[in-house]
Amino acid sequence: MGITISDASQQINAGAGIRTALDDGLYVRVGPGDTWIFPVRGADGVIGPTTVSRLRAVNVEGANQALAVHVTLKIQQLFVSSLPVPPKKPTIRVEIKNLHFTARPMDLQLQIGEENAVACTPSGREVSIHRGVNNAWTHVGNAGRLRDLANAINVPEIGAKLALNNALRPFDGAALVAVRNGLTASLQNEINDNLLPRDSRGEVLIEVTFG
């Protein structure tokens with residue numbers, strides 16, 4: 001259904017509104033034949049304030065199962081300006097927070113709701129590790145999660161750091177920068193292609209910010 005430009009400004013920050021604005025999903029191209037898909041909703045990926053891509057399975061040497069790797073981010077809000085006085089153009093600003101990769105055991109049920117995405121073991125402990133543009137998968141802040149993840153995939157803790165770094169090497173800072181650039185282009189295209197009224201398409205400035 002997309003976004004409708006009107007005489008009143010809009011702040012879209014609830015799950016239903018975000019999914020309406022992006023109701024075709026997002027297809028984030030990061031290279032030839034390499035696209036991260038963000039479905040509007042489902043058991044594998046979701047769009048909302050918490051936005052999660054479909055998983056990619058990654059094998060870890062010596063592990064009893066693969067890891068599920070996702071791109072995760074928060075859409076803080078979509079701000080839609082009111083119709084300005086010509087020749088100024090309306091503006092839509094998409095505010096993204098906490099863009100990162102997430103890795104967790106494949107056998108953990110990713111419990112995705114309209115407002116959140118949480119993966120828990122039966123004991124209630126979250127078992128996942130994360131990395132952004134400037135930190136490693138096995139950074140100090142991930143130490144506790146790293147132990148839990150090693151136990152969940154049956155990799156000896158003493159060798160877990162090396163095994164996980166080797167398996168997750170393609171998902172590094174440069175890869176996340178490529179995701180960020182592709183996400184910007186995908187958001188701009190998706191929003192523009194579904195703008196209403198139709199004559200506003202190509203006439204609205206669409207900005208994507210990351211924090």
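The values are calculated or read from the model by the stated rules, or taken from the named source; none is laboratory data. Keep in mind it's a predicted model, so treat the numbers as computed, not measured. For neighbour counting, all protein chains shown are included, and Cβ atoms are generated from backbone atoms with ideal geometry for every residue, glycine included. The protein model used for the area step is the full one, side chains on, heavy atoms only, and it has no ligands, DNA or RNA in it. Shrake-Rupley method; radii C 1.70, N 1.55, O 1.52, S 1.80 Å.
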- Item | Whole-percent carbon and sulfur share, accessible surface of the chain, 1.4 Å | 51 percent
- A chain fully extended from Thr20 to Asp7 at 0.36 nm per residue, minus the present Cα-Cα distance, gains in nm 2.7 nm
- Just the number, please: Stokes-Einstein D of the stretch 137-204 in µm²/s, Kirkwood Rh from C-alpha pairs, 37 °C, 0.692 mPa s. 216 µm²/s
- Once both label points are put 7 Å beyond Cα along the C-beta direction, the Val85-Asn98 separation in nm becomes 4.2 nm
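So, with +1 on the Cβ of K and R and -1 on the Cβ of D and E, and no other charges, what is the size of the charge dipole of the chain about its Cα centre, to the nearest 20 debye?
Details: 20 positive and 19 negative charges, 76 e Å.
Using only the charged Cβ atoms, the result is roughly 360 debye.
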- If you wrap a convex hull around the C-alpha atoms of the chain and split its volume per residue, what is the figure in Å³? 120 Å³
- Query: In sequence order, what are the phi-derived ³J(HN,Hα) couplings for the stretch 56-64 according to the Karplus relation 6.51 cos²θ - 1.76 cosθ + 1.60 with θ = phi - 60°, rounded to whole Hz, with x for glycine and proline?
  - Reply: 10, 7, 10, 7, 10, 4, x, 7, 8
- Item | Value of [θ]222 nm, deg cm²/dmol, for the chain, DSSP H segments ≥ 4, -39500 (n - 2.57) each, nearest 500 | -7000 deg cm²/dmol
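What's the longest piece of the chain with no exposed trypsin sites (Lys or Arg not before Pro), counting a site as exposed if DSSP puts it in a loop and it has at most 12 other beta carbons within 10 Å? Spell out each step's value before the answer.
Values: sites that count: Lys88, Arg125.
That gives 1-87 as the longest site-free run.
Calculate, for Arg29 and Glu207, the FRET efficiency according to 1/(1 + (r/R0)^6) with r their C-beta to C-beta distance and R0 25 Å; round to the nearest 0.05. Each step should come with its number before you reach the end.
Details: r = 20 Å, r/R0 = 0.80.
Efficiency for this residue pair is about 0.80.
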- Can you tell which of Gly132, Gly159, Gly173 shows the greatest fluctuation in a Gaussian network model of the chain with Cα springs below 10 Å? Gly159
